[in-house]
1. Would you call S235 within 29 Å of M36 (Cα to Cα), loosely packed, with under 13 Cβ neighbours inside 10 Å and not basic (K, R)?
2. I need the full set of residues from region 129-160 which are buried (at least 16 other Cβ atoms within 10 Å of the Cβ) and either in contact with a Pro (Cβ under 8 Å, 6 or more places away or on another chain) or not in a strand (DSSP E or B) (or both), in order please.
3. Determine the pairs where a residue that is under 17 Å from G213 (Cβ atoms), located within region 158-179, has a partner that is polar (S, T, N, Q) and surrounded by 19 or more Cβ atoms within 10 Å (Cβ to Cβ) with Cβ atoms under 9 Å apart, the partner being 6 or more residues away or on another chain.
4. Assess whether F116 counts as being farther than 22 Å from T196 by Cβ, in contact with a Leu (Cβ under 8 Å, 6 or more places away or on another chain) and surrounded by 15 or more Cβ atoms within 10 Å (Cβ to Cβ).
5. Counting just the residues of region 171-182 that are modelled with pLDDT of 95 or more and over 18 Å from L137 (Cα atoms), which one comes out surrounded by the most Cβ atoms within 10 Å (Cβ to Cβ)?
6. Here is a list: I202, I198, I185, I168. Which entry is surrounded by 14 or more Cβ atoms within 10 Å (Cβ to Cβ), at pLDDT 95 or above, among the hydrophobic types (A, V, I, L, M, F, W, C) and within 19 Å of T130 (Cβ to Cβ)?
7. Do we find that E163 is out of contact with any strand residue (DSSP E or B) (no Cβ under 6 Å at 6 or more places or on another chain), outside any loop (DSSP other than H, G, I, E, B) and surrounded by fewer than 16 Cβ atoms within 10 Å (Cβ to Cβ) in this structure?
8. Taking Q136 and the conditions (1) without any contact (Cβ under 8 Å) to a residue 12 or more places away in the chain; (2) at positive phi; (3) of a type in the set (S, T, N, Q), which numbered condition does it fall short on, given that it satisfies the others?
Amino acid sequence: MPLVINNNLMSMAVARNFAVTYDKLQLSTTRLSSGMRINTSADDAAGLAVSELMRAEIAALNQGIRNAGDAQSLLYTADGALSVIDEKLVRMKELAEQSATGTYTSTQRSIMNNEFITMRSEITRIALATRFNGVQLLNGALTAANSGNGIKIHFGPNNSSSEDYYYIAIGAATETALGIDSLSINSQAGAQSALTTINTAIVSKDTVRADIGAYINRLSNTMAQLSIQAENLQSAESRIRDVDVATEMTQFVNNQIKSQAAIAMLAQANMIPQMALTLIGG
């Protein structure tokens, strides 16, 4: 290479190498400070596209878990109301049993019947008043027969009927639905007849509660599966998008040393033209 003073070719080469190394050093600094390997689309366009889709699916899965949890809360609300209705049916059974025996007068049976009718009415009031987020649960509107498919619980990230949602139905628990709306224990014969009808009502109520319990358990399994799916997907997204700190730190130190060496060499290269002045002066 000739010794010239118009163009310091050696300095230009060093400066070019320094610029390349500095860009890599800046990239490593950005990754280490953010904790992410991909910060812009220029870092990895394909990886960014894949990870963004994964992020969207992870967000949907996490919301699906919350949807399933809300459904469980709805079912627990219905089950709690049914437990109170159960207490009323037990009391009605007790009153019917009391009125069925011959040791009471008609006046006393009339007093028993007043409480009996009050318990019967209270069952309907509870059924109509039981709501979750404004939705009536035990009035019969959510049975499969009345609403077609019950309540749709959507938990998956897509819209497949076999994978992403299913329906739950809740039976009615009013006095009419339980078949006790016309019962009276005002007479001994009526009380005896009521005993059998109340037994049937208790079985009907228990059937509704059993269905609710099965749905609660199914939702628990659904939430567990969704959590595992979201966790695995998050792990895959992390491998694409997150920075390997150990590897990146190695690159950072390497580029830092190269940058320091380039700066030192740039200073030396800038002194080369002065050698020409020595020759001129000689």
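1. So S235 passes the test.
2. If the condition is that a residue be buried (at least 16 other Cβ atoms within 10 Å of the Cβ) and either in contact with a Pro (Cβ under 8 Å, 6 or more places away or on another chain) or not in a strand (DSSP E or B) (or both), then T130, L137, L138, N139, G140, L142, T143, G150, F155, G156, P157 are the ones that fit.
3. Y166/T222; A173/T124; A173/T130; A173/N139
4. On the way: farther than 22 Å from T196 by Cβ: no; in contact with a Leu (Cβ under 8 Å, 6 or more places away or on another chain): yes; surrounded by 15 or more Cβ atoms within 10 Å (Cβ to Cβ): yes.
The answer is no for F116.
5. I180
6. I202
7. no
8. Q136 satisfies all of (1) without any contact (Cβ under 8 Å) to a residue 12 or more places away in the chain; (2) at positive phi; (3) of a type in the set (S, T, N, Q) except (2).
The values are calculated or read from the model by the stated rules, or taken from the named source; none is laboratory data. The structure displayed is predicted, hence computed values, not measured ones. All Cβ positions, even for glycine, are placed from backbone atoms using ideal geometry, and neighbour counts span all protein chains on display.
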